[in-house]
Structure formats: C-alpha cells, structure tokens
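Working notes, beginning with the structure itself.
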Amino acid sequence: MSAARVEYIAPWWVVWLHSVPHLGLRLQPVDSTFRPRDESYQESLLFLGLVVTVCLGLNLIFLAAYLVCACCCGQDGAVQTKRRHSCCVTWTAVLAGLICCAAVGVGFYGNSETNDGVYQLIYSLDNANHTFSGIDALVSGTTQKMKVDLEQHLARLSEIFAARGDYLQTLKFVQQMAGNILSQMLGVPTWREVTSELTQLADQTGYAEYYRWLSYLLLFVLDLAICLLACLGLAKRSRCLLASMLCCGLLALLLSWASLAADAAAAVGTSDFCTAPDTFILNVTEGQVHTEVTRYYLYCSQSVSSPFQQALTVFQRSLTTMQIQVAGLLQFAVPLYPTAEKDLLEIQLLLNSSESSLHQLTAMLDCRGLHKDYLDALAGICYDGIEGLLYLGLFSLLAALAFSTMVCVGPRAWKHFATRDRDYDDIDDDDPFNPQARRIAAHNPPRGQLRSFCSYSSGLGSQTSLQPPAQTISNAPVSEYMNQAVLFGGNPRYENVPLIGRGSPPPTYSPSMRATYLSVADEHLRHYGTEFPA
C-alpha cells in the first residue's frame, strides 16, 4: 500500500475541493466519501449547485437595482459632464470586452485540459478492457484445448493402444495432468462482467464528454459574438445593436452561472473520488472479484506475490510433464503403432500452443500492465480533468463579471445616444453643418428648377422690385445670381467664381464680371423669351 501512495499522490486542488463542506438540502452534514448512488451524497452535490443559483439571484437583483437607479437619475446638462460620462461608458465597455476575451481564452484552455483528461481515462479503460478480454480468451482457449481437443486424441489413442497396458497408463497420466490444468484455470477469475461494465462506462463517458466539449465551444463562440455585437453597437451608435447586445448578454450571464454550477458539482464529486479511489473500487468490485485480486492490481506491491502464482506454476509443471510423456510415446510407440503418430503429433502441437498461451497469460496477469492503466486513468481524471474544471469555473466567473458590466453600461450608452440625438434635433434643419441635414441632402440630391428662368427674366427692367428667392441649392443661369447680388446690396468683396450649388447668400461681383454676366443673361432671355412668356 505504501508503494501505491508514492506513485499516486492527490494534487493540492483535489485536497482543497474535497475539504469543501458537504451539506444536504436540510443543511445537515453529509459524509464526503464518494458514493454516487447514495441519495444524501447526491443532495450534497445538488446543494453546491443551489449555492451558485443563489449567487445568480443576487447578481440579477444587483443588476435590476442598478438599472432602476440608472433610468431614474436626472439629466445633467453640462457639456463636460456629458463628455466625462461618454468617456466612462467607452472605457468601461472596453474593459468588459477585454475581460470577456480573457475569460474565453481561459475557457478554451480549461476545456482542452478537461477533454484531454477524460479521453486519457477512456484510453486507459480501453487498455484495461483489452487486457481483461485477452485473459478471458486465453483461459477459454486453453480450457477448450484440454477439455475437448485433447480428449478426442486420447480417446483414439486408447483404442490404438488397447493391447498395451503401459501405454494406456501413460495416456491416463497425460489425462490427469490435463485435469490439473483445467482445475487451475478455474481459479483464474472471469472478467466478462467487469469488461462489460467498463465498456459501458467508457461509452457513456465518451458520449457525455463530446457534448460537454461541444456545448462549451458554442458558449465561447456566443460570448465572442456578444462582444463583437457590443463593439459594433457602440461604434455605430445603434440602439438596435445595443438592445440585441443587452438581451444576448443576459442570456450569456445565465449560461455562465449555470456552467459554474455544473463545474462546481463535477469538480467536488471528482475530487471526492480522487481522494481515495482504491476504496471506491474495492467497494464496487466486492462480490465480483476477490478482494485479494483487486488489491493486487490496485497497489502492485513487489512485496506481495501474485495470487495467480500457484496456478501458473501448476500449469507450467503439468504442461512440461505432458510434453515429456508425449515425446516418449512418439519415440517408442510409433514404431510399433504407426497409426498413432498423427494423433501424437497433434497432441504435441496442442501442448506447444498451450505453452505459448501460458506465457501470454502470465504476462497479462502480471499487475504492472493493469496498474499502469489504473495510474494513467487517475492522472487523466484527477490532474488534467479537475484542473480543466477549475479553469472552466474561472471562465464562468470572468464571463459573468464581463456581461454584468456590459448590462450596466447598456443604459448609460442608450441615454448618451438619446442625448446626442436631442442635441441634433435642436439645430435648424437648413443649417448646412447639421449632420442630419447633410444625411438628408445626400439621400435627396437637389435639382435645378425651371421656374428661375421665367421669374427673373420678366423683371430685368426693374431689378430692385425683385423679391429674394428661397435659399435653395440650384443650377439656375447666371442672371439669377446677379439679381440675388443686387438684392443683398453692398460691395464687401469680389469673387471671380460664383458660389454655385451652395446654400449660402450670393456674393457680389466686380463691375467687369457683372457686365459679362448681364450680357450672357440677355442672350438667354432673348433665346427663351418667346418660349416662356412672363
């Protein structure tokens, strides 16, 4: 037993998790010994999940209180306060995104570690199953050879040697040795039930692990997608994306706490097993396999001899004796009874095959192979498996923190968007520097109006009687700009190029430019005067 404790030592996280108080649903203490079929022990693991559920409830209460306070607080009209709030919202969202990305990285590592540990357990179970199946196959094959094949050859030889009593005596002695081998084979345990249970355990574990790994992978993708959605919502200042992020964030928050509950129960339960795995296996195999055999494989101490040593020794001696007797009959009886040679050679081949099976059986019954599989299984589930569960628990906590922060930032960002839209609404729609006006102008490009040709052409005789037209973006002829320049009056500055296509007041022009524009306008009036009478 001391040798096993040197080879397998429970890691510190197993000891720490095993020391977690085990309480029932009525808060009564429960024994922490791993008993998966005991109702009180199942309640103690369920209690851990309920504790995590209470933490989820407190988290939701805090979020609800914060959202109520955020929605009911007054508006602050100071520009610097608005900028400070906007900066705070931005940096808080960035911090939440970084925490979420770090949580996903930790989760990927933990999911991989757990998956490696579980598949190492499955691989060890498959190796043990292969060994047990090989032992059963060798024992059944040897029994078949000694009980059926050998008996047929001995029966034919008895008929051939019916007249020779000494040869018949040799055949009876060979049959007696075969009986000794059969009796020793009965002492080797049959592993058929154990193999069936291990196969079922490996299949169920692999099935559950596949969907556990896939579920966590989808959860990681969902978390990253929510982070991307939050970034797009804040960058584009989209309320739709922000609302979608809040809804998905609450869903991810619930899933994070649910995964934490499952991880906590699984980690504590597995740690209870890893604290004393030999005790659990001895209790499970009691009644199916002798306790001496189970201890031999669990501890594999060099100071304890194999429980199969006597059976294998008798097998070897009986087989050697049979080979000597058959060799004597081949040497002395075949010259007298040539028909017995075939049966004697078949018996010799059968004994040689049984000797090869004996060597294979001796190697398979040795404790070192199965004990190595046992240690590999413990290393996979107790080291990599539980370590991965701890990292997954850390992922759940970080993800819950990140999404709680995002949910808290959401209303602040929503109010900031609403304040910015109200500020834009206070600006005149005709203001060319209004972003909303620019967006509207981009979707509704201005068109030149034909009315300007007619309205201004009829009043050239008295330009001072014209009324200033609406300030629209137009591609009208140059006479329109000249008339507008007269209306505005004054001569503050001269420009060589008219401001065509702007929403600004028309400029004034130099006398030479004005004369040029008026001459062009007269030509247009003469050309279009008959077509568009005033």
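The values are calculated or read from the model by the stated rules, or taken from the named source; none is laboratory data. Here the structure is a predicted model, which means the values were calculated and not measured. Reconstructed Cβ throughout: ideal geometry from the backbone, glycine too, with neighbour counts over all protein chains shown. We work out accessible area using only protein heavy atoms, side chains counted, and drop any ligands, DNA or RNA first. Shrake-Rupley method; radii C 1.70, N 1.55, O 1.52, S 1.80 Å.
What to note about this one:
- Ranked by the mean number of other Cβ atoms within 10 Å per residue, highest first, peptides 342-348, 262-268 order as 262-268, 342-348.
- Cα-based radius of gyration of the range 341-385 once divided by 2.2 N^0.38 Å, which approximates compact folds: 2.06
- Under Karplus coefficients 6.51, -1.76 and 1.60, residue-wise ³J(HN,Hα) of the range 205-212 in Hz, glycine/proline x: 5, x, 5, 5, 5, 4, 6, 5
- Rel. contact order, % - alpha carbon contacts under 8 angstrom, at least six apart, the range 295-394: 40 percent
- The listed residues CYS72, CYS227 rank as CYS72, CYS227 when sorted by accessible area, largest first, using a 1.4 Å probe.
- Surface exposure of the range 138-221, expressed per residue as accessible area with a 1.4 Å probe, stands at 56 Å².
- Placing +1 on the Cβ of every Lys and Arg and -1 on the Cβ of every Asp and Glu, with no other charges, gives the range 204-359 a dipole of roughly 940 debye about its Cα centre.
- Overall, the range 136-233 carries a charge dipole of about 420 debye about its Cα centre when +1 sits on the Cβ of Lys and Arg and -1 on the Cβ of Asp and Glu, all other atoms neutral.
- Backbone amide hydrogens, once placed in the peptide plane, bring GLY24 within less than 5 Å of VAL30, excluding anything fewer than 5 places away on its chain.
- The separation of the range 109-143 from the range 210-241, counted between C-alpha centres, amounts to 39 Å.
- For the range 149-245, with +1 on Lys and Arg beta carbons and -1 on Asp and Glu, the positive-most of TYR210, GLY187, TYR167 along the dipole: TYR210
- Selected from ILE324, ALA265, LEU229, residue furthest toward positive end of dipole (the range 212-334; charges at beta carbon): LEU229
- Net charge, SER32 excluded, C-beta distance under 12 Å - Lys, Arg +1, Asp, Glu -1: -2
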